[in-house]
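Just below is one structure, and these are the notes that go with it.
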Amino acid sequence: MTRHIVRRPWDLRESLHTPPEIFFAGKRHRRDFLKAMGIGGIAASGLLVGCGKPDPREVELAGKAPAPPDAFADRYPAERNAAFEYGRPETDKNDAATYTNFYEFSTGKDSWRYVSDFSVAPWSFEVTGLCAKPRSFDLDDVYSLFTLEERAYRHRCVETWAMCVPWTGFPLAELLKLVGPKPNAKHLAFTTYNEPAVMPGIARTGGSFPWPYTESLSIEEAMNDLALLVTGVYGEPLPKQHGAPIRLVVPWKYGFKSAKSIAKIELTDKQPATFWNVVQPNEYGTVANVNPHVPHPRWSQANEWMLPSRSDTYPTQIFNGYGEFVGGLYPDEPRG
Ligand code: MTE
């Protein structure tokens, strides 16, 4: 088994342990400063590349995943589940697709630029560990075994940006029912695709990060109806930069819990180690519920801003506003 050398957070370069939202804000100021100074030349013009909004056609082409086989062509768009509403305007598709966190490709938000060599079909993921019927699922299994639905969910990143997007997927609980968790299965460990040859972010950050990207849920969280395994967004298969072909979405938790491009789900009796928690345990917990009463050590969580505008702000809601679904799972969560 590969052993990862994990440096202590204080040994990491600032760009590696600082969420890009914060780190790159500094770069942006530098760029604006150069522009204001009227500095030309190759270096300055290089820094200014990408200032405008990326062309939606170029973005769509770059991230496009193959359509499902003909037999499953009717899976998108899926029927909208009326139980879920944003309570805010939906985020523009291109804004969401060009502001993604997918460190395997980029530590910026521009992973769409680096996903072209990432092939997402065929794909299979295994479900292993403490369950009666461990097995693997390919995409045809997913399309034939589960009924896809569309859910309008709010998404809140720990970095304070937020979006409202229509995910297509099915409850994780449905998959668990098929494999039959054993009574001693207390946690789910998610491991995501890890191939430096097609994921330049892994190649670049190498030993500084504990690859592969991993995440976890308790079995109670995983069985909650809100926890969705997602195969599509905006009525189409997931673009690669959003975590094609299958990812988790747990909207009451900070976005880093929603692991992308899942390769393995293991049921275990112990709390698994998780990527960001290993990197910075005091900043990224394993529970990580959205909570305005628990500030991040380096910034307030009181407010959030909606893509694409930093001035479009809202007060952060505990459990991202999903308390009626999940509040009962967390009697000890600070509530004020
Ligand atoms: N999953 C993988 N494999 N790698 C990542 O870097 N980033 C996480 C999460 N899942 C990440 C990941 C973070 S920090 C967030 S906020 C969400 O994905 C962002 O999802 P989106 O980019 O589709 O909006």
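Nothing in this text is a laboratory measurement; each read-out follows from the coordinates by a stated rule. Remember, predicted model here, so these are calculated numbers, not experimental data. Ideal geometry is used to build each Cβ from the backbone, glycine not excepted, and the neighbour counts take in all protein chains shown.
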- Task: Return the sequence-ordered ³J(HN,Hα) values of segment 210-224 in whole Hz as given by the Karplus equation 6.51 cos²θ - 1.76 cosθ + 1.60 applied to θ = phi - 60°, using x for Gly and Pro.
- Result: x, 4, x, 5, 10, 8, 8, 9, 6, 5, 5, 5, 5, 7, 5
- Task: Mind giving me the nanometre distance, one decimal, between the label points for Arg204 and Ala121, set 7 Å out from Cα along Cα→Cβ?
- Result: 2.9 nm
- Query: When the Karplus curve 6.51 cos²θ - 1.76 cosθ + 1.60 is applied with θ = phi - 60°, which whole-Hz ³J(HN,Hα) does each residue of segment 120-137 get, with x for Gly and Pro?
  - Reply: 10, 8, x, 8, 9, 9, 9, 10, 10, x, 7, 9, 5, 10, x, 6, 10, 10
- Would you kindly compute the Cα radius of gyration of segment 108-176 and its largest Cα-Cα separation (Dmax), both in Å? 15.7, 41
- Note on the structure: Rounded to the nearest 0.05, FRET efficiency between Glu220 and Asp55 (Cβ-Cβ, R0 41 Å) equals 0.40
- Note on the structure: Given backbone amide H placed at 1.01 Å from N, residues whose amide H is under 5 Å from that of Gly232, ignoring those fewer than 5 places away on the same chain, are Thr168, Leu238
- Message: List residues of segment 236-254, by number, whose backbone nitrogen lies under 11 Å from a label position 7 Å along Cα→C-beta of Glu174.
- Response: none
- Taking only Cα atoms of segment 58-329, the Rg to Rh ratio with Kirkwood Rh works out at 0.93
- Query: Over 23 Å between Cα atoms, which of Lys53/Lys109; Lys109/Lys264; Lys109/Lys260 qualify?
  - Reply: Lys109/Lys264
- Along the three principal axes, how long is segment 200-322 when you take its alpha carbons, biggest first, rounded to the nearest angstrom? 37, 36, 36
- Given H placed on each backbone N at 1.01 Å, which residues far from Asp312 in sequence or on other chains put an amide H within less than 5 Å of it? Met306
- Which GluC sites (Glu not before Pro) does segment 72-110 hold that lie in a coil by DSSP with at most 16 other beta carbons within 10 Å? Glu79, Glu85, Glu90
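Taking R0 as 35 Å, what's the FRET efficiency between Asn282 and Ser309 from their Cβ-Cβ distance, rounded to 0.05? Kindly include the intermediate steps, with their values, before the conclusion.
Details: r = 31 Å, r/R0 = 0.87.
That pair, Asn282 with Ser309, gives E of 0.70.
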- Query: Along segment 67-77, what does the Karplus equation 6.51 cos²θ - 1.76 cosθ + 1.60 (θ = phi - 60°) give for ³J(HN,Hα), rounded to whole Hz, x for Gly and Pro?
  - Reply: 5, x, x, 3, 4, 10, 4, 7, 6, 10, x
- Sequence-distant residues sharing a close amide H with Tyr153 (under 5 Å, placed H): Val165, Trp167
